[in-house]
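S.K.: The structure follows.
The values are calculated or read from the model by the stated rules, or taken from the named source; none is laboratory data. Computed from a predicted structure; not experimentally measured. No Cβ is skipped: glycine too gets one built from the backbone with ideal geometry, and neighbour counts run over all protein chains shown. Note: accessible area is taken over every heavy atom of the protein model, side chains too, but ligands, DNA and RNA are not part of it. Shrake-Rupley method; radii C 1.70, N 1.55, O 1.52, S 1.80 Å.
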Amino acid sequence: MDGDDRLLDDRTPGVEEHESTASVLSYTVGLGLAIVATIASFIVAQTNLLWPPGIPVGLIVLALAQIGVHLVFFLHLGSGPDHTNNILALAFGVLIVFLVIGGSIWIIANLNANMTAMPTH
Amino acid sequence: MTTATIEAASNRLAHQRDSGPAPTRIVVAYGFWIFILSDIVMFSALFAAYAVLAGNTAGGPTGADLFNVRNVFLMTMCLLVSSYTCGLGALSAEQRKPERFLIFAAPTFVLGAAFLFLEISEFVGMIDKGAGPSRSAFLSAFFTLVGMHGAHVSAGLIWLIYMVAQVVAKGLRAAVLRRLLCFSLFWHALDIVWIGVMTLVYLMEVQ
């Protein structure tokens, strides 16, 4: 109720309003999940728990999961109306990151495969 | 549900519909978020360079020869817990508890500095073994990517000292709170970049 009352008083645009979604609990849950994901990555990388050719995929999946945990529990990216712009910007950023990394790897691997053998000196 | 709650909810809807510009806090966080995303796009170029060059060791040492998994695990934990205490500090600041903010700022700084110390000693050890950035394309890309992340962490530590000084000198006024919000966004974002470094650079090599 307190938060709602404060909102009613805050009719002037641009005035600070604090409706924090963060809490000690959410940070602690986030830390716990992040530590679990980190330990899982190290175990997957160092043992044959996963089918060895599948290890890189497993590592990438764990990294994406951990990034998700960080975005939700540490950066508090939610689905609220205040976050629409943030989510859109993030989606655009992710698109650029995948274009740059995926595109570079693809193009260079293709060039590499089509290279004629270099004369050895 | 009481009538008061319903009234408050409908008032909030009205507030959203004709509220004019968003609160400064939201706008500042959005602007800083755009900066962080552009920083991550810059990191993605370095990641792409590393991914392309990782195999070109020019007869020199490979990642599997050089990387120490225990060291990487320690660095990851330092950064993770530092992110956690930074979040708790930001929370205390939001609740206008400057003393608790200062208590949480201390471990945030110490763990960030410990991360940096481990990273620099790793770099020094590699250069001593003759595996400096000029040895091979793989090592050039490695030092650029990991060094850039380390430079960001150093900048974050300096920023943290500056924020502590502001909280002590000015108190938790609105402008200081907004800067603290930006700082914690920056610190959490560095953690996200580190997850990429840890996975793509270290764990992919030592498996």
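S.K.: Of the options A:Ser79, A:Val36, B:Leu66, report the single residue whose Cα projects farthest towards the positive end of the charge dipole of the protein assembly as shown (beta-carbon charges: Lys, Arg +1; Asp, Glu -1).
M.R.: Checked the options; the winner is B:Leu66.
S.K.: With a 1.4 Å probe and all protein chains kept in place, how much accessible area does B:Ile120 have, in Å² rounded to the nearest 10?
M.R.: 90
S.K.: What figure in square angstrom, to the nearest 10, would you give for the accessible area of B:Arg25 with a 1.4 Å probe?
M.R.: 40
S.K.: If you take the Cα Rg of the stretch B:132-207 and divide it by 2.2 N^0.38 Å, with N the number of residues, what do you get?
M.R.: Normalised by 2.2 N^0.38 Å, the Cα Rg of the stretch B:132-207 equals 1.47.
S.K.: Further, regarding this structure: Return the average number of partner chain Cβ atoms within 10 angstrom of each residue Cβ along peptide B:96-104.
M.R.: The shielding value for this peptide is 0.
S.K.: To the nearest 10 Å², what's B:Asp65's accessible area with a 1.4 Å probe?
M.R.: 100
S.K.: If you place +1 on the Cβ of every Lys and Arg and -1 on the Cβ of every Asp and Glu, how big does the dipole about the Cα centre of the stretch B:72-161 come out, in debye to the nearest 20?
M.R.: Roughly 100 debye for the stretch B:72-161.
S.K.: Return the single residue from B:Gly150, B:Gly31, B:Gly20 with maximal mean-square fluctuation; model: Gaussian network over chain B, springs between Cα atoms under 10 Å.
M.R.: B:Gly20
S.K.: Kindly sort A:Ile108, B:Ile40 by accessible area of their heavy atoms, largest first, with the probe set to 1.4 Å.
M.R.: Most to least solvent-accessible, the answer reads A:Ile108, B:Ile40.
S.K.: Work out the charge dipole of the protein assembly as shown with +1 on the Cβ of Lys and Arg and -1 on the Cβ of Asp and Glu about the Cα centre, then indicate which of B:Thr76, B:Met148, B:Val41 is farthest towards its positive end.
M.R.: Farthest along the dipole direction, towards plus: B:Met148.
S.K.: What average count of beta carbons from other chains do you get within 10 Å of the Cβ of residues in A:60-67?
M.R.: 4
S.K.: Near B:Leu181, within a Cβ-to-Cβ distance under 10 Å, what is the net charge of the other residues, with Lys and Arg +1 and Asp and Glu -1?
M.R.: Around B:Leu181, the charge tally is +2.
S.K.: Continuing with the same structure: Any idea what the dipole of the protein assembly as shown comes to, in debye rounded to 20, about its Cα centre with Lys/Arg Cβ at +1 and Asp/Glu Cβ at -1?
M.R.: Roughly 420 debye, rounded to the nearest 20.
S.K.: Report Rg(Cα)/(2.2 N^0.38 Å) for chain B, keeping two decimals.
M.R.: Taking N as the residue count of chain B, the ratio is 1.28.
S.K.: Compute the separation of the alpha-carbon centres of the stretch B:182-201 and the stretch A:70-121 and state it in Å as a whole number.
M.R.: Centre-to-centre (Cα) distance: 15 Å.
S.K.: Based on alpha-carbon centroids, what's the gap between the stretch A:22-44 and the stretch B:71-148 in Å, whole number please?
M.R.: Each part's Cα centre sits 17 Å from the other's.
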